[in-house]
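Here the structure is laid out as structure tokens; the discussion comes afterwards.
The values are calculated or read from the model by the stated rules, or taken from the named source; none is laboratory data. Being a predicted model, the structure only gives us computed values, none of them experimental. Don't worry about glycine lacking a Cβ; one is built from the backbone with ideal geometry, like all the others, and counts go over all protein chains shown. Accessible surface is based on the protein model in full, side chains and every heavy atom, while ligands, DNA and RNA are left aside. Shrake-Rupley method; radii C 1.70, N 1.55, O 1.52, S 1.80 Å.
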Amino acid sequence: MEKNSALNPTSIAPCGMNCAICLGFLREKNKCEGCTSNSDNKPTYCKTCIIKNCEFIKESNSGFCYECSKYPCKRLKQLDKRYRTNYAMSMIENLNFIKTSGLNAFLVNESVRWKCTTCGGYICVHRGYCLTCKS
Ligand SMILES: [Zn+2]
């Protein structure tokens, strides 16, 4: 299998966001290396993210919100609603899938779901098209 960023487990944030399809990750300038990296190129929104900085996440084994006794908490539900409304994507759906089917199965599904059929790159969830070939 071809090596690609979407199949990198570290590109999945605690909230279930796949960073590999994020504008910050796909853009050329000030490229973010994803939620779980210590990259300084993260958008302020991500640096100050309440979920990423949540104390329960630091103590969890999986590193994902589904493990938490408060799952899905108010913060996660707000984020999930925003993404379902604006980007046709659900963090909670992602997390439930990872919880029941495992991270590998999720990564495989994601690489198919967001793959650009023209160039094989990734569809940006925020823009709704492939940033590589603009289709
Ligand atoms: Zn493309």
>> List the residue pairs whose Cβ atoms are under 6 Å apart, where the first residue sits in the stretch 58-84 and is free of Cβ contacts under 8 Å to residues at least 60 places away in the same chain, the second is basic (K, R), and the two are 6 or more positions apart or on different chains.
In response: Y66/K99
>> Out of the residues in the stretch 105-131 meeting the condition of being without any contact (Cβ under 8 Å) to a residue 60 or more places away in the chain and among the polar types (S, T, N, Q), tell me which one is farthest from the ligand (Cβ to nearest atom).
In response: N109
> Counting only residues that are of a type in the set (F, W, Y) and outside any loop (DSSP other than H, G, I, E, B), how many does the stretch 99-124 have?
Replying inline: 2
> Restricting attention to the stretch 29-55, and to residues there that are of a type in the set (G, A, S) and touching a Lys or Arg at 6+ places or on another chain (Cβ under 9 Å), which single residue is least open to solvent (accessible area, probe 1.4 Å)?
Replying inline: G34
> Can you tell which of S101, S135 is out of contact with any helix residue (DSSP H, G or I) (no Cβ under 8 Å at 6 or more places or on another chain), open to solvent by 30 Å² or more (accessible area, probe 1.4 Å) and more than 16 Å from the ligand (Cβ to nearest atom)?
Replying inline: S101
> When residues of the stretch 56-98 are filtered for being open to solvent by 50 Å² or more (accessible area, probe 1.4 Å), assigned to a loop (DSSP other than H, G, I, E, B) and within 13 Å of M17 (Cα to Cα), how many remain?
Replying inline: 1
> When the stretch 104-132 is examined, which residues are found to be open to solvent by 70 Å² or more (accessible area, probe 1.4 Å) and of a type in the set (V, I, T)?
Replying inline: V108, V112, T117, T118, T132
